[in-house]
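Okay, so here's the structure we're looking at.
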Amino acid sequence: MRIGFGYDSHRLTAGRRMVLGGVEIPNEKGLLGHSDADVLIHAVCDAILGAAGLGDIGRQFPDTDPAFRDISSLVLLERVQALAAARGYQVCNVDSTIVLEKPKLAPHLPAMAENIAGILRIPSGQVGVKAKTNEGMGLVGAGEGAAAFAVVLLEGEDTP
Ligand code: MG
């Protein structure tokens, strides 16, 4: 068993889509980034990569590489899953929290969990996706951005 932790944050800006957990959320602002800036998926990717001893998302998918411009982060998660599998690891479960002041994400959380579970080939009951506000405090509380935290448990035998 190996445990992994991931964190990510992205700035909110007008003129961008808001994609969280692979679900497009209707909102006047979206997240700024080289890819689709899916902060939740990036945190999950970092947790898996960290647990598998494979570094982080910036090392695997550099934001200077035009191949990753506006790419769906679900594609990155698929690649991360494959990298971990090649190393001998399968994800057992995921737990995660998105921190965002608005809009309310509760109606979209089950679809996010389904997306993640589908790619990781685990039942959606083994993927936790939660959402919180920052109670108006700090930069996230002021609506300047979104953050996400994720932990994962991997099972397997290291085959470097
Ligand atoms: Mg990111």
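Rule-based calculations on the coordinates, nothing more; no lab input. Here the structure is a predicted model, which is why all the values come from computation and not from measurement. All Cβ positions, even for glycine, are placed from backbone atoms using ideal geometry, and neighbour counts span all protein chains on display.
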Q: Please give the contour-minus-distance gain from Asn27 to Ala14: 0.36 nm per residue of separation, less the Cα-Cα distance, rounded to one decimal in nm.
A: 3.7 nm
Q | the chain - share of DSSP beta bridges that are antiparallel (%, nearest 5) | A | 80 percent
Q | Cleavage-rule hits (GluC sites (Glu not before Pro)) in the range 5-113: DSSP loop, at most 16 neighbouring Cβ within 10 angstrom | A | Glu28
Q.
Show log10 I(q)/I(0) for the chain at q = 0.13, 0.16, 0.18, 0.21 Å⁻¹, two decimals, from a solvent-free Debye sum over equal Cα scatterers.
A. -0.55, -0.83, -1.04, -1.36
Q | Cut-off 20 Å, label 7 Å out along Cα→Cβ of Asp95, residues of the range 27-53 by amide N | A | 40-52
Q) In percent, what relative contact order does the chain have, based on Cα pairs under 8 Å that are 6 or more apart in sequence? A) 33 percent
Q) Roughly speaking, what is the centre-to-centre gap between the range 97-160 and the range 1-42 when only Cα atoms are used, to the nearest Å? A) 10 Å
Q | All-pairs alpha carbon distance profile, the range 1-73, 10 Å steps from 0, percent | A | 21, 48, 26, 5, 0
**Q.** Dipole magnitude of the chain, debye to nearest 20 (Cβ charges: Lys/Arg +1, Asp/Glu -1, about Cα centre)
**A.** 200 debye
